Amino acid sequence: MQDTSSEVPHMERMEDKVIVNTEVKQKDPKEALVIAVTTRAIFDLEEEHQLFLAKGKEEYTKHQKTNEDKPLVAGTAFGFIKAVQTVNKKLLEKNPEEKSLFDVIVLSNNSPESGMRIVNSAKHYGLEISRFCFVSDEDSTQYLQSLSVKLFLSADRTDVCNALKRGVSAALIFQQEDVQATSMELRVVFDGDSVLFSDETDQVFRSKGLDEAVKYEKAMEAIPMGQGPILQFAIQLGKIRKKFGQEGSPIRTYLVTARSGRDMGVRAIRTLRQWGLIIDEAFFMDGAPKDAILAQIQPHIFFDDGVHNIKGALDIGIPSALVPCDC
Ligand SMILES: [Mg+2]
């Protein structure tokens, strides 16, 4: 374990929140891709969360203070955060002046006192987190826009829904054990409908069935689909992806959709092209389960709005993020 006793982070007290600036070099939020994670998304805090629910804030804070120097176990989004950090290194190797970097911040409902364990844990693992925001408010998502957040990952469904309502790409992280070891390269898998794309075709499918959805797609083939809840993040990720060539890129992006390539693939591809969003690999599964292909890709994160797809991915240790479509 690293000795963190000599590194006292600077705490800045604002009216109702505390921001801890660590020694990590600040990035320009206008240029950077800001990702906000909550503590329960990045670390395994299930035991502590249960203590909080059963015995309240005071006991929870006491426990966290007592264990301040005991690093937390890595959680579901930990590997994803590590991987974006690797991409940052590659970007700076290419261009030491690069401004278009990933900037990770922790947004937490912990008090600064109970939050010290989180700061210490991040340091222990060498996580490059520029800001820790300990906010006491019920709805911490009110800060997402002023922090220029482009992706918010949380283990709390209400938080995720609030973020989506504010127009910020957001997804729900589930606590997972046995998260698969993944490659060094950052791999991100997106579902299509209701994730990158709007839910317009899903709505036709749900109300009128598959045949009508196929007919709808044929009729609309020349018209790009609407924007989905994760698109803003995907666009920003795509901009960083474009800084690297086809070979040796430290980022790989994937579309794994239930659409069939034959009947419903054209509009999807045309839409991505219209948006200028380059996806490295696309899988049109025609309704088949996604787990086998996910097991092969081994992504650091998989975004989907289908609970059954998320469950299949969780069962094989794929770090998964649900984009709720019923907020
Ligand atoms: Mg979908």
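Just a yes or no: is a residue in region 147-157 within 18 Å of LYS82 (Cβ to Cβ), polar (S, T, N, Q) and in a strand (DSSP E or B)?
No: region 147-157 contains no residue that is within 18 Å of LYS82 (Cβ to Cβ), polar (S, T, N, Q) and in a strand (DSSP E or B).
Just a yes or no: is a residue in region 213-220 within 19 Å of HIS308 (Cβ to Cβ), of a type outside the set (Val, Ile, Thr) and within 16 Å of the ligand (Cβ to nearest atom)?
Start the filter on region 213-220 by keeping residues that are within 19 Å of HIS308 (Cβ to Cβ), which leaves 213.
Filter once more, keeping what is of a type outside the set (Val, Ile, Thr): 213.
Pick out the ones that are also within 16 Å of the ligand (Cβ to nearest atom) and you get 213.
Yes: one or more hits.
Could you pull out the residue among LYS99, LYS55, LYS62, LYS150 that is at pLDDT 95 or above and of a type in the set (D, E, K, R)?
LYS150
Pick out the one residue from LEU144, LEU164 that is in contact with a Cys (Cβ under 6 Å, 6 or more places away or on another chain), touching a residue at least 60 places away in the same chain (Cβ under 8 Å) and not assigned by TED's automatic domain parsing to the domain that holds GLY261.
Within the list LEU144, LEU164, the selection yields LEU164.
Can you tell me which of (1) free of Cβ contacts under 8 Å to residues at least 60 places away in the same chain; (2) assigned to a loop (DSSP other than H, G, I, E, B) is the one GLN203 doesn't meet?
Every listed condition holds for GLN203 apart from (2).
For every residue, the table says whether it meets (1) within 16 Å of the ligand (Cβ to nearest atom); (2) of a type in the set (Phe, Trp, Tyr); (3) in contact with a Pro (Cβ under 7 Å, 6 or more places away or on another chain).
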residue	(1), (2), (3)
PHE205	yes, yes, no
ILE230	yes, no, no
GLN246	no, no, no
ARG267	yes, no, no
ALA282	yes, no, no
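Failed condition for VAL195, given (1) within 16 Å of the ligand (Cβ to nearest atom); (2) β-branched (Val, Ile, Thr); (3) out of contact with any His (no Cβ under 9 Å at 6 or more places or on another chain); (4) not in a loop (DSSP other than H, G, I, E, B), with all others met?
Unmet condition: (4).
Just one of (1) out of contact with any Leu (no Cβ under 9 Å at 6 or more places or on another chain); (2) more than 16 Å from LEU322 (Cα to Cα) trips up THR158, so point out which.
So the condition that THR158 fails would be (2).
Look through region 184-207, keep the residues that are of a type in the set (D, E, K, R) and over 18 Å from ALA77 (Cβ atoms), and return whichever of them is farthest from the chain's Cα centre (by Cα). Don't jump to the end; show me each part of the working.
Residues of region 184-207 that are of a type in the set (D, E, K, R), as a first pass: 185, 187, 191, 193, 199-200, 202, 206.
Within this subset, residues satisfying the condition of being over 18 Å from ALA77 (Cβ atoms) are 193, 199-200, 202, 206.
Working: ASP193: 18, ASP199: 20, GLU200: 24, ASP202: 23, ARG206: 27 Å.
Looking at the filtered set, the residue picked out is ARG206.
The values are calculated or read from the model by the stated rules, or taken from the named source; none is laboratory data. Quick caveat: nothing in here was measured; it's all calculated off a predicted structure. As a convention, Cβ positions derive from the backbone with ideal geometry for all residues, glycine included, and neighbour counts pool all protein chains shown.
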